[in-house]
Structure formats: C-alpha cells, structure tokens
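First the structure, in the form of structure tokens, and then the observations on it.
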Amino acid sequence: MPENLSIFIKEKARELGFSHCGIAKAAFLENEKEHLADWLASGKQAGMAYMENYFEKRLDPTLLVEKAQSVIVLAFNYFPKEKLHPDSYKISRYAYGDDYHTVLQEKLTLLIQAIREKSHTTHIRSFVDSAPVLERAWAVKAGLGWIGKNSMLIIPKKGSFFFLAEILLDLPLDYDAGFTQNRCGNCRRCMDACPTQAIVSEKTVDARRCISYLTIENKGEIPAEFRGRFENQIFGCDICQEVCPWNRFASFQQEAEFFPSEALQSLTRQDWETLTEADFSYIFRNSSIKRAKFAGLKRNINFVKN
C-alpha cells in the first residue's frame with residue numbers, strides 16, 4: 001500500500017538523521033518553466049554554463065528516472081553550534097564539516113536499500129546537487145516549506161539552514177499537500193542586507209553579483225566593483241540567511257561529520273593568509289571548500305584583505 005510504504009520511508013529517513021521528509025507526485029514543473037527560462041536568458045547564471053543544459057530535464061522528473069511517479073524530498077539540518085576563531089575570515093556554515101555530497105549520499109544509499117527491500121521498485125535514483133533537479137521547487141510541492149525572497153527554502157519554525165536531497169522512483173506513494181503559503185510577507189531584510197545587491201527581485205538571485213558564486217563557482221577574477229563589500233567572506237556567504245527572522249528558530253545540528261575540525265576552528269586571518277597548498281590539501285581533504293581549489297581560495301583571501 002502507498003500509505004504504508006510512505007510511512008516506512010519517512011520513519012527510515014528520520015532514523016538516518018533527516019529532519020524532514022515530504023513526498024510529491026512526479027509531474028512536469030509547468031509553473032517553474034517561465035522563471036527558469038527568464039533567469040537563463042538574462043544571464044543571471046553567470047559562468048555556470050551547466051545550468052543552461054538539460055532544460056527539459058530540470059522540469060520533467062520522468063526524463064531523469066524512467067516511469068518516475070514520486071519525488072521524495074529530504075532536508076538535513078547543518079546549522080552549527082561551533083564557531084570559528086573570532087579573528088578568522090568567514091566561510092559559509094555548510095562548509096564547516098565534511099562535504100555534504102558524500103555524507104548525504106551515503107545516507108541516501110541506505111535509504112534506497114531499505115526501500116528496495118520493502119517494495120518492488122525497479123527504477124529509483126537519488127540526488128544531492130548531482131543532477132538537474134529543481135530541488136527547492138520540489139521541496140515546496142512536497143510540503144516542506146516555501147521559497148523566500150533570497151531564493152532559499154524556508155521551513156516553518158525551523159529556518160533555512162538545511163541541505164536538500166531527492167529520491168525519484170517508479171512507485172505511487174501517499175503524497176503530501178504542497179506548501180501554498182508565502183510567509184515572508186513584506187519583509188525584505190535579506191534583499192536589503194546583501195552587500196552586493198545580488199537579490200535583484202523576489203526569489204531571483206543574480207549570480208554575477210552573488211558572493212557565494214563569486215567565491216566558489218567563479219573561475220575568473222572577482223570584479224573590482226565589489227572590492228570592500230565582501231564583509232570578510234572568503235568561501236560562500238550566509239548574510240541573507242543570518243538576517244532572516246525565520247532563522248531565529250534554527251536549532252543546532254547533531255551530525256558528527258558536519259562538526260568543524262579543530263584545525264578549521266583555530267585558523268586566524270593570518271593563518272588563512274599564509275596557508276600553503278599542503279595545508280589546504282590536509283585541512284580541507286574532506287571539505288566542500290575543495291570546490292574553490294587552492295588558487296581560488298587564495299584569490300578570495302587576497303581580494304578581501306586588499
């Protein structure tokens with residue numbers, strides 16, 4: 001029965017540490033089509049050329065998993081209790097611990113194994129930023145929350161410091177009601193707080209101005225117009241989340257693999273500035289910070305300190 005399997009999936013997800021699990025019917029994302037097309041046409045994807053690929057797949061889950069009928073959406077809290085050295089540069093909180101792609105994929109593998117043992121699914125696949133999936137749109141359809149003005153998923157009374165992951169499969173399940181409210185109201189704190197004015201309109205971020213993009217995905221030089229506006233951010237940025245009133249409800253995460261290492265917590269600004277490639281390879285061997293590469297991280301530090 002779809003209901004019994006859905007209950008089983010949600011219970012197993014919680015056992016694996018996921019804080020939220022919702023299920024939506026797999027269908028073409030018609031409402032997201034125009035927004036995605038406009039965002040791409042206006043160049044707001046910046047140097048992320050891969051965002052221009054697989055347009056239809058981003059909207060149609062059946063092109064990712066044959067005969068897909070259901071989309072399971074999972075959220076995992078990453079809000080850390082630990083803080084970095086008070087004289088440190090800033091990195092996004094999601095990068096404090098081990099690379100979430102690896103940690104969550106291991107959990108998803110266990111969840112898929114459990115689903116296979118409990119059902120007769122033949123087509124099932126999991127995703128953690130690993131395929132063209134509009135994860136926040138699916139999170140809304142699965143009832144987890146709404147998309148805020150900063151384009152982040154906000155979970156009621158929990159906030160936005162969550163990783164998202166998805167499982168697509170070829171079985172009908174018991175579907176959750178989609179989240180239909182937008183609880184941001186007239187608040188625009190995230191838009192006003194962004195030091196580079198990257199949130200150009202509600203739910204629309206221009207990557208060409210976004211500190212997260214400029215310090216991670218960006219492979220070129222950082223535009224001089226943003227000098228002095230990074231507020232010591234050298235990898236990613238949490239400013240729009242830090243000012244969001246809903247994140248006053250954020251609770252500390254409990255996953256040991258997401259705890260920051262002692263080496264990371266002890267780094268001062270001077271340590272960051274004198275970091276060698278060997279230090280980088282050792283300290284961040286399991287970290288998402290590897291995405292920026294050593295040269296990219298040094299570029300960011302030099303841009304912020306000068």
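The values are calculated or read from the model by the stated rules, or taken from the named source; none is laboratory data. Everything quoted here is computed from the prediction, not taken from an experiment. Glycine gets a Cβ as well: all are built from the backbone with ideal geometry, and neighbour counts include every protein chain shown. Quick note on the areas: whole protein, heavy atoms, side chains included, nothing else; ligands and nucleic acids left out. Shrake-Rupley method; radii C 1.70, N 1.55, O 1.52, S 1.80 Å.
Taking N as the number of residues in the stretch 87-232, what is its alpha-carbon radius of gyration divided by 2.2 N^0.38 Å?
This ratio for the stretch 87-232 stands at 1.25.
In the stretch 56-199, what percent of the accessible surface is made up of carbon and sulfur (1.4 Å probe, ligands and nucleic acids excluded)?
47
Taking the highest mean first, how do the peptides 215-223, 110-118 order by number of other beta carbon atoms within 10 angstrom per residue?
Packing order, densest peptide first, comes out as 215-223, 110-118.
Which distance in Å, rounded to a whole number, links the C-alpha centroids of the stretch 125-141 and the stretch 204-245?
23
Please give the length that would be gained between residue 130 and residue 257 if that part of the chain were fully extended, namely 0.36 nm times their separation in residues minus their C-alpha to C-alpha distance (nm, one decimal).
That pair, residue 130 and residue 257, stretches by 43.7 nm at full extension.
If we sort 120-126, 87-93 on the protection proxy, mean other Cβ atoms within 10 Å, highest first, what's the order?
Per-residue mean Cβ counts within 10 Å order the peptides as 87-93, 120-126.
By residue number, which cysteines of the chain lack any other Cys whose Cβ falls under 4.7 Å from their Cβ?
Those would be 21, 184, 187, 194, 210, 237, 244, since no other cysteine Cβ in the chain comes under 4.7 Å of theirs.
I want the local charge near residue 255. Using Cβ-Cβ distances under 15 Å, sum +1 for each Lys or Arg and -1 for each Asp or Glu among the other residues.
Cβ neighbours under 15 Å give a net charge of -2.
Using label points projected 7 Å from each Cα along Cα→Cβ, tell me how many nm separate residue 83 and residue 49, to one decimal.
If labels sit at residue 83 and residue 49, their model points lie 4.3 nm apart.
If R₀ is 30 angstrom, what is the calculated FRET efficiency for the pair residue 29 and residue 120, using the beta carbon separation as r and rounding to 0.05?
FRET efficiency, residue 29 to residue 120: 0.65.
Take the Cβ-Cβ distance between residue 265 and residue 109 as r, set R0 to 30 Å, and report the resulting FRET efficiency rounded to the nearest 0.05.
The value I calculate is 0.50.
Could you go through the stretch 9-25 in sequence order and give the Karplus-derived ³J(HN,Hα) for each residue, using 6.51 cos²θ - 1.76 cosθ + 1.60 with θ = phi - 60°, rounded to whole Hz, and x for Gly and Pro?
4, 5, 5, 5, 4, 5, 4, 7, x, 6, 7, 9, 8, x, 10, 10, 6
Considering amide H positions built from the backbone, and no H for Pro or chain starts, which residues 5 or more places from residue 217, or on another chain, come under 5 Å of its amide H?
It is none; the list stays empty.
Normalized C-alpha radius of gyration of the stretch 48-146, against 2.2 N^0.38 Å?
1.32
Can you bin the chain into rounded, prolate or oblate? Criterion: square roots of the alpha carbon gyration tensor eigenvalues sorted a ≥ b ≥ c, rounded for a/c under 1.5, prolate for a/b above b/c, oblate for the rest.
Prolate shape, in that a/c is at least 1.5 and a/b is the bigger ratio.
Quick check on the chain: of the DSSP beta bridges with both residues there, what percent are antiparallel, nearest 5%?
Here the antiparallel bridges make up roughly 90 percent for the chain.
Hey, can you find the accessible area per residue of the stretch 85-208 for me, probe 1.4 Å, expressed in square angstrom?
43
Between the helical axis of 100-118 and the dominant principal axis of the chain, each derived from Cα atoms, what acute angle in degrees is found, rounded to the nearest 10?
Taking Cα atoms only, the helix is inclined about 10 degrees.
Tell me the Kirkwood hydrodynamic radius of the stretch 94-141 in angstroms, computed as one over the mean inverse distance between distinct C-alpha pairs.
Kirkwood radius, the stretch 94-141: 12.5 Å.
Counting only other residues whose beta carbon sits under 12 Å from that of residue 207, what net charge do I get with K and R as +1, D and E as -1?
Taking every Cβ under 12 Å from that of residue 207, the sum is +1.
Once you have a ≥ b ≥ c as the square roots of the Cα gyration tensor eigenvalues for the stretch 180-223, tell me rounded if a/c is under 1.5, and otherwise prolate or oblate according to whether a/b is larger than b/c.
prolate
Among the listed pairs 44/149; 81/149; 44/219; 44/203; 10/107; 10/157, give every one whose C-alpha distance is greater than 23 Å.
Beyond 23 Å between Cα atoms: 81/149.
Where a ≥ b ≥ c are the square roots of the eigenvalues of the C-alpha gyration tensor, would you call the stretch 190-266 rounded, which needs a/c under 1.5, or, failing that, prolate if a/b is larger than b/c, or oblate?
It is oblate, given that a/c is not under 1.5 and a/b is not larger than b/c.
Ordering 81, 10, 203 by accessible area with a probe of 1.4 Å, largest first, what comes out?
I get 81, 203, 10, largest accessible area first.
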